[in-house]
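So the structure is just underneath, and the comments pick up after that.
The values are calculated or read from the model by the stated rules, or taken from the named source; none is laboratory data. If you're wondering where the values come from, they're calculated on a predicted model, not measured in any experiment. Don't worry about glycine lacking a Cβ; one is built from the backbone with ideal geometry, like all the others, and counts go over all protein chains shown. Just so you know, the surface numbers come from the protein's heavy atoms only, side chains and all, with ligands and any DNA or RNA stripped out. Shrake-Rupley method; radii C 1.70, N 1.55, O 1.52, S 1.80 Å.
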Amino acid sequence: MTRRAGVLGVWHETNTYSAHPTTLADFAAFELLTGTAIETRNRDTGSVIGGFYDSPDLDLVPVFSAGAWPSGPCGSEVMARILDDLQSGLHRAGPLDALVLNLHGAMVAVGTADVEAKVVLAAREVVGDVPIGAVLDLHANPSPALVESCEALVSYDTYPHVDMRERGREVAGLVTDMLAGRRLRTMVRKLPLLVCPLAQATEQGPMHRIQRAAAARAQAAGVARVCVVGGFAYSDVDRAGMSVLAVHDVGSEAAARDVVDATISDIAEHAGEFAVARDDTKTAVARAIASTRRPVFLVDVADNIGGGSPGDGTALLRELLAVGATGAVVTIADREVALHAARLGPGAGIDVMLGAKTDRMHGEPLHVQGRIERTSEGTYRTSGYYMTGRTFSMGTTAVLSVAGNTVVVTELPVPPFHSEQLSSVGVDVGDASVVVVKGALAWRGAYEHIAGEIIEVATPGVCPVDVSSLPRLAEPMTV
Ligand SMILES: [Zn+2]
């Protein structure tokens, strides 16, 4: 008999230093759906929920899914609305045998430091004692309360995150096993080690080695699954830091404990390998100008949109213009300027203060004069490696020509995860001398193959290379 499993999603990476509170409109722009629209949006895409739908053995009942690009904490009224919609959706769904959840694991709301634990408990209140399986981001900060609230908790193994669909499929499989009688639990241990995303790549480096060693330990010990969770440092909450999760059969607690302990020790012993330092803006731009390997990708690490930055940082554009660079492509999120340019229309001149309007952490607004080349609605569909097949919106988007450079001004900050973001507005980065990307590593899936050189820059902002430069009030949790 096929069993009914409810599908829920609450997905947000919250940068608690971001000045932009996440609103319902931000969720609506990315995903805020109930019922069958969730299936329509996700089936056959590279999303986690797309992976749930690959499961042949579950009768999936789409209930509620909210997701937004990373930004600041959402207000308590947004949180209340999410919990309300989720619970009323579960009531409408009728009796369910299990739940599959797409969570992030680093979501914070005003007054709720541990959103995911609250989400699972709210779901539990309605569905009762049924198996719950959840997928977390590799940048999750899972708390013991969250881990206790679900049976099976698995995080992405990859960064850039290319295994979202695979993890969705995996968790659907674990839930199927539990419905067939397998009894699973998850264990967590945490280390208060805050790591810049640049050091969390999983194809090489310390994460790669630690993950492989952990997987080998789990296999040798007969433990179902171990995950090394890189954590999200740009969050001032007690659960921030690296974590190790182990999904194990009931009765295998001791073996799971050994695997988790050995993996935590491995991370602690090699903590120094996660330290990173990069050139400042001036030095990095000078290197880019001197480089003969085009295009040079200048990575605006602290204005990492995928880490919750506003995408309106001006440091690199200011320096490029100051040294007389030409042929550069820079994307800046600035709603006011994007809408102003759309009103003026293609061919018109433009004279504005651009960017750095969200807060004072991403440089100063920059005076630019140029010409409006094109404007568009800013919608594109991805064919790339990440969230494949999904449609995203940058809002009204204007392509400006500024002193021989191309400046793409978007209404909304959207991470540079897909080459379609620029190709859809007629910008060919292959022709550029320098391309500024506002991210850490995930942009590489879209552009690394065409990069002549990559220079990661210690720019100012809420996702700094030096994570210890951010003020921190919360006491780190060690369990
Ligand atoms: Zn992530």
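For a test of the definition: using alpha carbon positions, the gyration tensor, and the 1.5 limit on a/c, classify segment 286-445 as rounded, prolate or oblate. It is rounded, given that a/c, with a ≥ b ≥ c, falls under 1.5. Cut-off 13 Å, label point 7 angstrom out along Cα-to-Cβ of Glu77: give me the residues of segment 13-43 whose amide nitrogen falls inside. Flagged as within label range: 23-25. Nonpolar atom fraction for segment 368-421, defined as the carbon and sulfur part of the 1.4 Å probe accessible area, stands at 46 percent.
Work through the residues other than Ala152 whose Cβ is under 12 Å from its Cβ and net out their charges, Lys, Arg +1 and Asp, Glu -1. Local charge sum for Ala152: +1.
Taking the inverse of the mean 1/r over every pair of distinct Cα atoms in the chain gives a Kirkwood hydrodynamic radius of 22.7 Å. Cα centroids of segment 308-323 and segment 230-286: 30 Å apart. For the pair Ala25 and Ser383 in one chain, pulling the backbone fully straight at 0.36 nm per residue adds 126.4 nm over the alpha carbon distance.
The residues neighbouring Asp279, those whose beta-carbon lies less than 15 Å from its own, together hold a net charge of -3 under the Lys/Arg +1, Asp/Glu -1 convention. Among the protein heavy atoms, those of His91 account for about 130 Å² of accessible surface (1.4 Å probe, every chain in place). Rounded to the nearest 0.05, the FRET efficiency derived from the C-beta distance between Asp84 and Thr36 at R0 = 22 Å is 0.65.
Taking the DSSP beta bridges with both ends in the chain, the antiparallel portion is around 45 percent. Each Cα pair under 8 Å and six or more residues apart adds its sequence gap; the mean of these over the residue count of segment 352-479 is a relative contact order of 19 percent.
With contacts taken as Cα pairs under 8 Å and at least 6 residues apart, segment 144-251 reaches a relative contact order of 33 percent.
Ignoring ligands, DNA and RNA, what percent of the 1.4 Å accessible area of segment 1-116 is carbon and sulfur? Here it works out to 52 percent. Anisotropy class assigned to segment 272-352 is oblate, per the alpha carbon gyration tensor with a/c at or over the 1.5 cut-off and a/b no larger than b/c.
Using r as the Cβ-Cβ distance of Ala262 and Asp431, and R0 as 35 Å, what FRET efficiency do you calculate, to the nearest 0.05? It comes to 0.10. Estimated at the nearest 10 Å², the accessible area of Met187 is 20 Å² with a 1.4 Å probe. Heavy-atom surface analysis with a 1.4 Å probe gives segment 295-362 a carbon and sulfur content of 55 percent of its accessible area. Inter-label distance, Asp54 to Glu125: 3.5 nm, where each label sits 7 Å from its Cα along the C-beta direction.
Taking square-rooted eigenvalues a ≥ b ≥ c of the alpha carbon gyration tensor, is segment 342-421 rounded, prolate or oblate, where a/c under 1.5 means rounded and, failing that, a/b exceeding b/c means prolate? Oblate shape, in that a/c is at least 1.5 and b/c is the bigger or equal ratio. Working from Cα pairs under 8 Å separated by at least six residues, relative contact order for segment 251-389 is 17 percent. Once the 1.4 Å probe is applied to the protein heavy atoms, the chain comes out at 36 Å² accessible per residue.
Structure note, pairs Lys357/Lys438; Lys118/Lys438; Lys118/Lys357; Lys282/Lys438: Cα-Cα distances above 27 angstrom occur for Lys118/Lys438; Lys118/Lys357. Once each of the trypsin sites (Lys or Arg not before Pro) sitting in a DSSP loop with at most 14 other beta-carbon atoms within 10 Å is removed, the chain keeps 1-182 as its longest stretch.
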